[in-house]
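Sharing a structure here in C-alpha cells format.
Nothing in this text is a laboratory measurement; each read-out follows from the coordinates by a stated rule. What you see is a predicted model; the values in this text were computed from it and never measured. A quick note on method: Cβ atoms are made from the backbone with ideal geometry, for glycine too, and the neighbour counts reach across all protein chains shown.
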Amino acid sequence: MKRSSDEEKRQLEHDAAKLFLRCYEQQQGIHMRNIWHNEPNKPDVSCYQENEQLDIEIAHLYASETEAMAVLGRPLSMQMQRDLADMAQKPSEHRLRAALERLLKQKAKKRYYSERTWLVIRNGSTIWRKADFEAVINDLNFPRTYQFEQIWLVCDFYRGELLRVDEKRPI
C-alpha cells in the first residue's frame, strides 16, 4: 500500500511539473527541460531553465478533505484533517485564502539542499478557478521567511493558467 501511494504521489508531482514547465515556457518564452525526481532533503523535482538547474517543490491545493482523499486515494494525517476541517468551517469567501495560507505556512517550514528552489502549487480543486485566485492573491499573508525564489500557482488541474503568487499579482 505504501509503495502504491508513493508512486501515485510521484506521478502527481511529475504531472504537475510537466504541466507547469509547458505553461511557463509558453508564457515566458524560456525553455524548460528534463524533469527528474529527487530524494528527500531536495525539492520534489529538478529541471533546466535554459541552461541553469532549477529545483521545484510541488504542492497540491484542495478545497476539502473529501476532495483531497478522492484525488490522492489515501488517508490524510490527523493534523491535515484538522487543518482541512478548520478551513471548511470558515465562510466560503475565506476558504481559498485560508487554504493557500495554510499551504504556504506548511511549505515555508521545509529546508532544502538547493541553490534555486521554486514552489509550484497546483490547484486540485474543481471549485476554484483563476478569477478566484486573482481575487485573493493581494490579501495573502505570507510567512516571514521561506526558501523559495519564486512561488507559482497552476490555477487549473489540467490546463495551464499560471499566476505568480509571491509578487502578489497575476502575470
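Less than 10 Å Cβ to Cβ from residue 114, Lys/Arg counted +1 and Asp/Glu -1: what total charge do the surrounding residues give?
Neighbourhood net charge equals -1.
Taking amide H positions as placed 1.01 Å from N in the peptide plane, with prolines and chain starts having none, which residues 5 or more places from residue 31, or on another chain, fall under 5 Å of its amide H?
It is 50, by chain and number.
OK, next. Can you tally the net charge around residue 129? Count Lys and Arg as +1, Asp and Glu as -1, for every other residue whose Cβ sits under 12 Å from the Cβ of residue 129.
Here the count lands on -2.
Also, quick follow-up: Which order do the peptides 45-58, 101-114 take when ranked by the mean count of other beta-carbon atoms within 10 Å per residue, highest first?
Highest to lowest by the protection proxy: 45-58, 101-114.
Starting from the alpha-carbon convex hull of region 104-171, give the projected area averaged over all orientations, in nm².
That works out to 4.9 nm².
Cα gyration tensor of region 4-54, axes a ≥ b ≥ c as square roots of the eigenvalues: rounded (a/c below 1.5), prolate (a/b > b/c) or oblate?
Judged from the Cα gyration tensor, region 4-54 comes out oblate (a/c at least 1.5, b/c at or above a/b).
What is the local net charge at residue 46, summed over the other residues whose Cβ is closer than 12 Å to its Cβ (Lys, Arg +1; Asp, Glu -1)?
-4
Enumerate the calculated ³J(HN,Hα) couplings along region 139-155 in order (Karplus 6.51 cos²θ - 1.76 cosθ + 1.60, θ = phi - 60°), each rounded to whole Hz, writing x wherever the residue is Gly or Pro.
Whole-Hz 3J(HN,Hα) from phi for region 139-155: 9, 5, 9, 8, x, 4, 10, 7, 8, 8, 5, 9, 10, 10, 10, 8, 6.
What FRET efficiency do you get for residue 112 and residue 11 if R0 is 22 Å and r is their Cβ-Cβ distance, rounded to the nearest 0.05?
Given R0 = 22 Å and the Cβ-Cβ separation, E is 0.55.
On full extension of the chain, what length is gained from residue 52 through residue 79, given 0.36 nm per residue of separation minus the C-alpha to C-alpha distance?
Extra length from residue 52 to residue 79 when fully extended: 6.0 nm.
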